[in-house]
Amino acid sequence: MSSPIAPTPDDLATARRAGAPRDAGSRSADAVLVGPDGITVLGRAIGTDAAEHLLLITLAHSGETRTALRYPPELGTGRAMAPTPDGGFVIAGEVPQGALAYRAGLVRLGPDGQVLGHGLHGPAGITGYSAVAVRTDGTVVAGGAANGVGWVTRATDVARLDGERLLDDVVEVTGLTAMDDGVAAVASQETSTVASGTAAVIGFDRSGGIRWRRRLPATGRGALTAIRALPDRGLAAVGHDVPTADPGPAAADRAAADRAAAAGPPVDPPPDPQARLWLVRLDAAGEVDWEHRIGAAGEHWRGRAITPLPGGGLAAVGDIARGGSRDLRVVSLDADGAVAWTRDYQRGYDTACGLDATDDGGLVMAGTAATPELGRTTIWVRRLDRTGDLLWERTLDAGR
């Protein structure tokens with residue numbers, strides 16, 4: 001790339017590792033799932049060996065920690081997690097391959113967390129998975145980027161791929177969800193810089209072919225970070241968008257702010273940015289049913305996760321940078337996209353990584369808290385009732 005704001009190899013490596021703890025003892029969260037038997041948190045930790053280790057922590061619905069497993073560094077770290085039909089999980093992420101080089105990694109875990117299989121995929125370089133879904137037939141579909149190009153793979157055995165597809169006009173696949181007839185993905189569409197460009201929502205059939213594709217937003221810039229299938233076969237996605245009237249800061253400044261915010265402790269965004277929390281509901285063919293945007297002038301939002309609720313509603317979590325910190329906000333919407341309630345959770349240096357619904361209409365969210373004076377991060381989990389009131393909160397010191 002010839003542009004003076006194009007990313008260097010160091011920038012790209014930092015971007016792939018954004019959110020990684022910096023010091024021994026640091027931990028950060030990457031995903032959370034709620035199941036009938038409890039809550040599972042995917043995370044990572046830096047050990048005394050200075051290597052990053054994948055963490056899998058399970059909690060009871062009442063919040064007590066049941067198990068905390070730390071895996072050897074050769075399995076890499078995870079960025080996404082999906083349940084398997086046998087009660088286990090598939091973890092998707094990246095595995096270091098020397099200085100400034102990674103390969104994508106898949107790890108299959110049994111119900112008790114035992115490793116059933118793992119595999120390395122794609123070329124060595126700035127390559128890794130950011131999303132994963134498991135279809136009802138057990139096929140694992142993972143997505144991310146292979147050296148700066150969007151990438152989707154299929155596998156029945158995580159050790160080897162059955163198929164793969166490069167998406168030449170996509171930078172990275174950021175979210176995946178299983179559907180009855182395939183999978184749907186959200187991806188970053190901008191390819192010329194690391195600035196927010198446009199988002200792609202793509203429907204794939206079971207063989208990996210593209211069934212439909214939508215480019216969003218209709219005006220302005222935006223990024224979608226997560227997508228979930230809905231009981232009525234529709235889709236819901238969350239991210240952030242920037243209005244056309246707001247030119248925003250330079251691309252390099254925006255990218256640096258995003259990396260710093262993810263890695264923690266957060267910093268103020270560049271001067272006068274505006275980015276709104278952006279929620280989109282689509283039908284099974286990818287047509288937009290409605291969009292909802294939340295945010296005032298001068299606010300800098302990032303949408304992190306979304307989940308369907310009993311009764312057809314949705315909930316999403318995002319965070320907003322202001323005053324040198326980041327505050328969390330959870331938004332609940334009804335089936336028509338009207339806001340039912342919003343709740344702010346002000347802790348100062350928190351970012352969310354995941355959100356999932358409980359059977360009674362409540363929510364579980366997980367994320368990472370930074371401690372600036374110590375230069376370390378910790379994992380937190382919060383259980384909310386159906387109106388957003390906090391039922392309990394846990395800080396997880398597992399996986400040292």
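Every number in this text was worked out from the coordinates using simple rules, so none of it is lab data. Just so it is clear, the structure is predicted and the values come from calculations on it, not from any experiment. As a convention, Cβ positions derive from the backbone with ideal geometry for all residues, glycine included, and neighbour counts pool all protein chains shown.
Details
- Per-peptide average of other Cβ atoms within 10 Å, ordering 286-299, 147-160, 119-132 highest first: 119-132, 147-160, 286-299
- Using a simple spin-label model with pseudo-atoms 7 Å out from Cα toward Cβ, residue 97 and residue 390 lie 4.3 nm apart.
- Backbone geometry of region 154-162 corresponds, through the Karplus equation with coefficients 6.51, -1.76 and 1.60 at θ = phi - 60°, to 3J(HN,Hα) couplings of 10, 7, 8, 10, 5, 6, 8, 8, 8 Hz, x marking Gly and Pro.
- Mean separation of Cα contacts under 8 Å, 6 or more apart, over the residue count of region 84-396: relative contact order %: 8 percent
- Stretch gain in nm, segment residue 336-residue 218, where the contour uses 0.36 nm per residue and the Cα spacing is subtracted: 40.5 nm
- Projected label distance in nm at residue 287 and residue 160, using a 7 Å step from Cα toward the beta-carbon: 4.3 nm
- Paramagnetic reach from residue 207 (point 7 Å along Cα→Cβ, amide N under 20 Å) across region 130-150: 135-142
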